[in-house]
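Data first, discussion second: the structure below is written as structure tokens.
Derivation of every value follows stated rules applied to the coordinates shown; laboratory data play no part. Predicted model, so just to flag it, every value in this text is computed and none were measured. As a convention, Cβ positions derive from the backbone with ideal geometry for all residues, glycine included, and neighbour counts pool all protein chains shown.
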Amino acid sequence: MQSIRPLTPMTARKREVPTDFDGAAESYDVLTGLNPGYHRHLRTSAQRLALPRGGRGLRVLDLCCGTGLSTEALRTVYPEASIVGLDASQGMLAIARSKPLLQGIDFVHGDATDPAGAGVRGPFDAILMAYGIRNVPDPDACLRNVHALLAPGGAICFHEYSVKDSRTARAVWDAVCFGIIIPSGAIAGSGTRIYRYLRRSVNAFDGVRAFEARLGRAGFAAVRTEPMDGWQRGVVHSFLARRPSSEVAR
């Protein structure tokens with residue numbers, strides 16, 4: 001009989017993240033707006049999916065869409081695509097659904113580890129997962145399930161922090177967290193709990209090469225990483241990959 005491994009403190013903490021985001025939803029857009037390049041970098045990752053201009057006739061999934069900032073990036077870059085957004089926080093989804101730019105988008109409440117379990121059906125021509133894979137308790141299960149939702153040849157982008165490979169990037173990240181992000185959460189009234197977790201989760205997440213290897217093990221091909229600019233160079237990345245075109249969609 002296979003033994004069940006006990007949850008690590010970080011894995012257990014990740015299960016509480018949706019509730020934390022419920023409490024931070026009202027101030028989330030304000031705080032992210034203080035981050036130079038935040039919105040532009042989301043558009044950059046959307047552009048790196050390299051879909052046909054406008055995205056007409058294509059289906060795109062926005063995993064861990066939150067308050068819809070990544071969804072806005074997708075709609076701006078691919079205004080003719082059919083977009084589905086999924087998030088585990090009802091509070092964040094309520095904000096996303098209220099935005100005029102995002103009217104008509106199908107927002108689904110569910111766990112990004114198993115989107116199909118929330119009723120999300122593939123195949124999708126592309127998937128964007130911004131600031132999400134780091135927060136799921138079982139990233140390998142998530143990658144397997146997300147891989148299955150992609151059409152053969154479909155593109156995926158994980159817009160994510162990764163600082164483990166660089167001492168400089170870790171120092172920059174810690175300085176920004178202690179000097180700006182955590183104090184801003186306190187000032188905004190949403191508390192510091194989620195932002196202290198943010199710092200720890202980024203430091204604990206895979207390095208660039210380790211995450212690329214993880215994508216390969218999950219069956220993705222053409223794996224590569226593109227940097228951001230500004231202070232987030234070396235801190236935030238576009239992890240890009242495709243489902244092999246020879247595979248049969250399930």
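Give the range 204-230 a look and list any residue that's more than 16 Å from VAL146 (Cβ to Cβ), part of a helix (DSSP H, G or I) and in contact (Cβ under 8 Å) with a residue 12 or more places away in the chain, or say none.
Selection gives ALA204, VAL208, ARG209, ALA210, GLY230.
Inside the range 1-100, counting only helices (runs of 4 or more DSSP H) that do not spill past its ends, which hold 2 or more residues that are closer than 22 Å to ASP114 by Cβ and not hydrophobic (A, V, I, L, M, F, W, C)?
Fully inside the range 1-100 and qualifying: 9-14, 17-33, 69-77, 90-97.
Of the residues in the range 168-191, how many are surrounded by fewer than 16 Cβ atoms within 10 Å (Cβ to Cβ) and assigned to a loop (DSSP other than H, G, I, E, B)?
2
Take the range 112-138 and flag every residue that is surrounded by 20 or more Cβ atoms within 10 Å (Cβ to Cβ) and in a helix (DSSP H, G or I).
Result: PRO115, ILE133, ARG134, ASN135.
Given (1) in contact with a Lys or Arg (Cβ under 9 Å, 6 or more places away or on another chain); (2) in contact (Cβ under 8 Å) with a residue 60 or more places away in the chain; (3) not basic (Lys, Arg), identify the lone condition not met by LEU61.
Failing condition for LEU61: (1).
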